[in-house]
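To start, the structure itself, in structure tokens.
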Amino acid sequence: MSTTPGTHVSPGPLAKRRKIRKGTSSCWECKRRKIRCTFSASSDETCIGCQRRGTKCLSQEFPDQTSGEGQPIGDRIGRVEALVNQLVKNTPVREIAPRYESDGPTETATPTPTGTLSPIHISASTSIPSAVGASLEPSADGLDWDYSDAPPMSHQSPIVPARYAKVSQALYASLPSRDDVEVLWKVHAHASISFNRVMMVPYPELERNGLNCSSMNDVPGPESHPVRLAIYMFLIATVLQYMDLEKSKEQVKALSEPPRAMMKRLAETAIRLVTTHEELLDTVEGLTCVMMEGIYQANCGNLRPAWIAFRRAMALAQLMGLHRPGGCRPLRLLDPNYKFDASFLWYRIVYTDRFLCLMLGLPQGSLDRSMAAEAALAHDTPLGRLERTHCAIASRILERNDADPASYNMSTIREIDLELQDIAQTMPSGWWLAPNLANTHGDPTTGFWEMLRLVTQLYHFNLLNQLHLPFMLQFASTTQLHNYCASTCVNASREILSRFIAFRAFNRVAYCCRAVDFFALIASLLVLIAHLRQHARPPDELNLLAHQRQGDRAMVEQAVASMEELGRVSHDPLSARSADLLRRLLSIEAEAARGRIYRTQSVRIGDEPEAGTGSTGNVLRIRIPYFGTVKIAPKGGVSKESPSVVGESNLAGVHGQNVMDYPDVMSAPQAIGTTTQENHISTNGTNLQAEYLYPGLTAGAEDWAFQGVDMAFFENLMRGTMQYTE
């Protein structure tokens, strides 16, 4: 005899009532699954969960009728048949063709006709993604944060469709051994899990429940959905990123493969088999998985692949309706017990997108600023409110950057500047002191919150730099306004450099808090260019930075030393090339201070250098992919040359210029086969330099160290001499 889905079971006249604890209201089926038992209306006799599962809804006041010998086989078959019928009526099924032919032969899944679903693909509980209704949707203001942690992944994972079985098996086979996981846990590299949680869990929840890092030991089984396996693989990959190889030399020897090789293998496998296949990503866990890919890429310094990953996450979130105010559509989950905050996930995606856009000089993906609305700010912590306001301010700066420089409205710039002042005053004065990470005494919780404070401070000062950067070399006729912009940039850069030096003295793991290194590069460039501009003033004008010059140089030199050490310890190309560039610019500044004039003024693209610029004195030329060559030369200013076509011979150099003392600096790897003898270059060297000046648009840090951050910096700095509206 079959059972009608969601049937309320009458206990019968002879059933004896049991004593239950006060407040117990869940039925036996919900208790067995350890989920909340809720009813659509108080008058309903069947809970929502039993209606969805097609199970009997029996209160715990009465004996469990399914205990003991278990249900008869016919009854269980009837339940499955009823569930199939319900799914057929309510859920249109689209057959998804497998897309993994390149990864070897796979089992041929039995085609499922449209409108039908083979029972072999169904588990009686959670074998397919569940549609989440109103019971799990966020509150009207999108800030219903009262939820418990997601249950740990276990080997009792739902059965996945047959067409994904081979994918799951391939992912599971790539997982590190249990011994490797134990080693990673012992070296405390799992601090990265806490930073992953920052992207997924609001601060009020983190403060209430603390940092839960137990999920590293909850390994999904080989029958798990590919997305769940990929999430775990990204989790281990980020743990490996945070591993201090210098401090953990003995533990590293116990691993079955080198940490960097394991990290790269896990991440690349998850990307190749999961996050690049949209048919696997139509659930909340799928969205989370793509976000974790973006986090991994950003930690590696691969800002451009990270930006692409978060744009895919943004597109998925929009398809799910997460961007809509006041809630979203019912969402699909692999695990009905998975807890999430839809509006918070959307906010974090937008926040990261804007950070990457500012660094790379790209347009923002969404103009949404609702995360800084009064209703959203009221439910967050002080740190959360600061970050939400930063997100909205970043949107306004990006909107400014996308406009025509001639249309810049200085009143808007002043308004944003005041807003940054106001939001800074919402935090206590002591909060703005540079955190001393060495005083955390090994406490991971204290260390986590202090590091988060440091990163938030750096982001605030970087916003100041991004706001005022276009005006560093402008306003020759409005000295007061120019001096304010320049002094704001210099002071913000000093704050960044002092924190960078302290942080890298404490932590020499290149992949940890990667944004700090990019902030430090921009800050160092700004400080040195500001001093170059002061040296170019006429003798009768005061040098406003004269008394700070030695301190500023010492700070930049210390930052360069930290970069060099980080490049040596972590074999990090970004740090090594940043140090090389800044060493050369320090030499240029020293020459200018001794009387050689290095004027820093923007020159339009295509302007020819002044007569004699290249034939007298020394020239620092910075080759930037997809941007051209930036030259800092005596009496010639900061100028830009932009080659007209890829492969053009002058990519390698400009004939007739003396570049012997300060060789070219490239933000891509130095081309092989180049030579400065007699100011010419070999044909092979030309081709290689052309290749490096035009790497793939999505190239990683190994092929494009600065990732376009240098391009965005100089593009903002050299906007041309324009007249701005007040």
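The values are calculated or read from the model by the stated rules, or taken from the named source; none is laboratory data. This structure is a prediction, so every number in the text was calculated from the model and none was measured. Note: ideal-geometry Cβ built from the backbone for every residue, glycine included; neighbour counts use all protein chains shown.
Worth pointing out:
- Residue pairs meeting the criteria (Cβ under 8 Å; at least 6 apart or on separate chains; first modelled with pLDDT of 95 or more, in segment 308-321; second among the small types (Gly, Ala, Ser) and assigned to a helix (DSSP H, G or I)): 309/294; 310/294; 313/294; 316/286
- Odd one out for residue 279, checked against (1) in a helix (DSSP H, G or I); (2) surrounded by fewer than 21 Cβ atoms within 10 Å (Cβ to Cβ); (3) touching a helix residue (DSSP H, G or I) at 6+ places or on another chain (Cβ under 9 Å): (3)
- Considering (1) surrounded by fewer than 17 Cβ atoms within 10 Å (Cβ to Cβ); (2) closer than 30 Å to residue 470 by Cα; (3) in contact with a Ser or Thr (Cβ under 9 Å, 6 or more places away or on another chain), the lone condition that residue 429 does not fulfil carries the number (3).
- None of 373, 392, 378 is surrounded by fewer than 17 Cβ atoms within 10 Å (Cβ to Cβ), without any contact (Cβ under 8 Å) to a residue 24 or more places away in the chain and within 20 Å of residue 198 (Cα to Cα) except 378.
- Residue satisfying all of: in segment 38-48; at pLDDT 75 or above and touching a helix residue (DSSP H, G or I) at 6+ places or on another chain (Cβ under 7 Å); surrounded by the fewest Cβ atoms within 10 Å (Cβ to Cβ) among these: 38
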